[in-house]
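Enquirer: Let me give you the structure first, and then I'll get to my questions.
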């Protein structure tokens, strides 16, 4: 990058992110490079050692109670065996990171370990490994599984394993040395995990007074690590600020007699309130525009609520704080597929699951929605099932004032005023298919270039889906590349993204979208939503998408691109489908249009996608510029031309990618240009 380009990028970042965020981040970097944080934390450790040499500070529970064991077993049912199986794997030294396959549990790193600031100043590849795979075991997600299994079975080997691994971890990663102390967020997530699991393991014969005193010291060390770099979390104003404030808040509840507890409490509660108030919009959209981070935010809110009810019940909760969490719960609830509990893989999905108090798999969002609805909406969702376990673990009360509501509420009787708010939901009552249209209004940096992306679901199958994330830190082409507009279900002009990709986690020149029209007929015949974005404003092109549900159960999607008359552009329509058996028909013999038909064999029958584009006389098919491609796992199956290696992949969770079918239609001709897509269920072939 040239000096001028670098200056221009820095200026645009300052202009679009604002002086506050950029200023705080610059101060954080200054502290790193001058070793200010190292000096601060060295002083903090000395003070903590002085305090611990006196009368031991007793560890206090930060939750009101533990659930009735028999109630939990009844809720979970036969799935308790899955919990025991996972806990047994952990005992044997294996763990399922990010909800994926079982791999060896690594808690130690090659020595010697440097001070954490040295790692922070380098890139995010350590020992030739993505830092996320090093951090995840240090979040102690495996400890929740051991604690849950111990509580339900009273099998002491789970408690013994927890203490053995915990002592191994902290002896191998002493305070503030190594990558496990790099991020205040990682430290805070580990602190919350210790808060829950030590509450469970106090019932074990392996939990001695000395070990409880040891954990009390560890909690204080964690809280003090968060404080100096809270400025970084403030500069990000996202999940980092929420989790780090939550860590301080939790530490103050666990160690109320500690000399630093008041400081932890005041800062933690202040920034928690501020984060929930600022990061959640009035319609419930979370600032990171990600379903996974939305879940993380609600889990943090639930934990904060549980700690508040036990330790700080007399502290008033601001009304707007509660109102934002109510809206946020509605937002995510609308996107939960009633049959499977899955949601669209919107935005960053780095496998984060900070409160895994459930036997349900990683991709099942019913546990968080059931718990959040009980807490923030005063609703008891039905039907009951294993997904009730998070609610039970947190001992959320059942009150007569709570209204019983079906999880399927939005699909049975959608409310007009909420349907026309983000996230934008359309339901075809004929066959229970549903879709959500991505219409983002950015107030902070976007995660993915996914404006007007469409997710389509039918009978629990995600037919048109988001590619996900895969990896943040890797060699090209897998360096967080699935953020790209070219792999989302939208239209791209001239193979250019509609926002400037300025860094691995940074888009500038935000493409703002808006809903132009919503139509709904009272007899349920059809409904439609029309939205546009002006991400291509620099070339004077506007993309408008109209999505319509039809009475026969079909879906119609019309993409219209308007620009200066006779200006010639190459437009590209992309759909990402499951990796099922397929058949291709096309192109048609029509002179005035380019038509292709793709049939995919779902477990419930053939589904048909028709992709069509009217051709103008100046660019009659088969002249150059019109092309259809079917790509699987970066390999071209049908068509011609170059292929992006990231095409035809989907990532259900972090670090895992699976083949998918990318259907791409190219048209090069003068503006205006239009595409028409039809989805037909089922399509027998």
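Enquirer: Could you list 313, 145, 273 in order of exposure, starting from the residue whose Cβ has the fewest other Cβ atoms within 10 Å? The partial results should precede the final answer.
Expert: Numbers: 313 10, 145 25, 273 17.
Taking fewest neighbouring Cβ atoms as first place, the list is 313, 273, 145.
Enquirer: Using per-residue counts of other Cβ atoms within 10 Å, averaged over each peptide, order 293-301, 633-641, 335-343 from highest down. Show your work: numbers first, answer last.
Expert: On the way: 293-301: 25.2, 633-641: 14.3, 335-343: 20.8.
Output ranking for 293-301, 633-641, 335-343: 293-301, 335-343, 633-641.
Enquirer: Just to confirm my numbers, what's the Cα centroid distance between the range 20-84 and the range 165-237 in Å?
Expert: 4 Å
Enquirer: Sticking with this one: Compute the length gained on full extension between residue 102 and residue 277: take 0.36 nm times their separation in residues and subtract their Cα-Cα distance, giving the result in nm to one decimal. Walk me through the intermediate numbers first.
Expert: Values: separation 175, 0.36 × 175 = 63.00 nm, distance 3.82 nm.
Full-extension gain reported as 59.2 nm.
Enquirer: Same structure again: So what's the gap between the Cα centers of the range 443-499 and the range 509-552, to the nearest angstrom?
Expert: Using only Cα atoms to place each centre, the spacing works out to 18 Å.
Enquirer: Could you list the residues of the range 355-393 with an amide nitrogen less than 18 Å from a label point located 7 Å from the Cα of residue 400 in the Cα-to-C-beta direction?
Expert: So the set is 378-380.
Enquirer: Here's another thing I want to ask about it. From the square roots a ≥ b ≥ c of the eigenvalues of the alpha-carbon gyration tensor of the chain, which class results: rounded (a/c under 1.5), prolate (a/b over b/c), or oblate? Mind showing how you got there, number by number?
Expert: Details: a/c = 1.96, a/b = 1.58, b/c = 1.24.
Verdict is prolate for the chain.
Enquirer: Could I have the simple spin-label model distance between residue 589 and residue 29, label points 7 Å from Cα toward Cβ, reported in nm to one decimal?
Expert: Result: 6.4 nm between the two label points.
Enquirer: Please give the length that would be gained between residue 539 and residue 111 if that part of the chain were fully extended, namely 0.36 nm times their separation in residues minus their C-alpha to C-alpha distance (nm, one decimal). Provide the component values of the computation, followed by the final result.
Expert: On the way: separation 428, 0.36 × 428 = 154.08 nm, distance 5.40 nm.
Net length gain for the segment: 148.7 nm.
Enquirer: Hey, what's the Cα Rg ratio for the range 196-345 versus the globular rule of thumb, 2.2 N^0.38 Å? Show your work: numbers first, answer last.
Expert: Numbers: Rg = 16.9 Å, N = 150, 2.2 N^0.38 = 14.8 Å.
It is 1.15.
Enquirer: Please give the peptides 200-210, 128-138 ranked by average Cβ packing (other Cβ atoms within 10 Å per residue), highest first, as a rough proxy for protection.
Expert: Result, highest mean first: 128-138, 200-210.
Enquirer: Given 0.36 nm per residue, what is the gain on full extension from residue 94 to residue 520 after removing their alpha carbon distance, in nm? It would help to have the intermediate numbers written out before the result.
Expert: Values: separation 426, 0.36 × 426 = 153.36 nm, distance 5.20 nm.
The span from residue 94 to residue 520 would gain 148.2 nm if fully extended.
Enquirer: Classify the range 416-680 as rounded, prolate or oblate, taking a ≥ b ≥ c as the square roots of the eigenvalues of its Cα gyration tensor: rounded when a/c is under 1.5, otherwise prolate if a/b is larger than b/c and oblate if not. Numbers along the way, then the final one.
Expert: Numbers: a/c = 1.10, a/b = 1.04, b/c = 1.06.
Verdict is rounded for the range 416-680.
Enquirer: Measure nothing fancy, just the Cα-based angle from helix 19-33's long axis to the longest principal axis of the chain, in degrees from 0 to 90, nearest 10.
Expert: Here the helix axis deviates by roughly 50 degrees.
Enquirer: Among bridges DSSP assigns within the range 35-412, what percent are antiparallel (round to 5)? Mind showing how you got there, number by number?
Expert: Working: 7 of 11 bridges.
Of the beta bridges lying entirely in the range 35-412, close to 65 percent run antiparallel.
Enquirer: Give me 649, 606 ranked fewest to most by other Cβ atoms within 10 Å of their Cβ, as a rough exposure proxy.
Expert: Numbers: 649 25, 606 18.
Ascending number of Cβ neighbours within 10 Å: 606, 649.
Enquirer: Take the alpha carbon gyration tensor of the range 636-685, find the square roots of its eigenvalues, order them as a ≥ b ≥ c, and report rounded if a/c is under 1.5; if not, report prolate when a/b exceeds b/c, else oblate. Walk me through the numbers before you get to the answer.
Expert: Numbers: a/c = 2.04, a/b = 1.30, b/c = 1.57.
It is oblate, given that a/c is not under 1.5 and a/b is not larger than b/c.
Enquirer: Measure nothing fancy, just the Cα-based angle from helix 209-226's long axis to the longest principal axis of the chain, in degrees from 0 to 90, nearest 10.
Expert: Approximately 50 degrees, to the nearest ten.
Enquirer: While we're looking at this one, here's another question. For every helix of n ≥ 4 consecutive DSSP H residues, a contribution of -39,500 (n - 2.57) applies; sum these over the chain, divide by its total residues, and give [θ] at 222 nm rounded to the nearest 500 deg cm²/dmol.
Expert: Values: 20 runs with 245 residues, N = 685.
Rounded to the nearest 500, it is -11000 deg cm²/dmol.
Enquirer: Quick one: 663, 608, fewest Cβ neighbours within 10 Å first, how do they rank?
Expert: Working: 663 26, 608 19.
Exposure proxy ranking, most exposed first: 608, 663.
Enquirer: With a 10 Å radius around each residue's Cβ, average the other Cβ atoms per peptide and rank 378-388, 560-570, highest first. Don't skip to the answer; put the middle values down first.
Expert: Details: 378-388: 18.3, 560-570: 15.0.
By packing density, highest mean first, the sequence is 378-388, 560-570.
Enquirer: Given R₀ = 25 Å, FRET efficiency for residue 43-residue 270 by Cβ-Cβ distance, to 0.05? Please report the intermediate quantities before stating the final value.
Expert: Numbers: r = 23 Å, r/R0 = 0.92.
After rounding, the FRET efficiency stands at 0.60.
Enquirer: Can you give me the angle between helix 3-17 and the longest principal axis of the chain, using Cα atoms only, in degrees from 0 to 90, rounded to the nearest 10?
Expert: Orientation of helix 3-17: about 80 degrees from the principal axis.
Here, each number is a calculation from the coordinates, and none is a lab measurement. Owing to the predicted nature of the structure, the values given are computational and were not obtained by experimental measurement. Every residue, glycine as well, gets a Cβ built from its backbone with ideal geometry; the counts of neighbours run over all protein chains shown.
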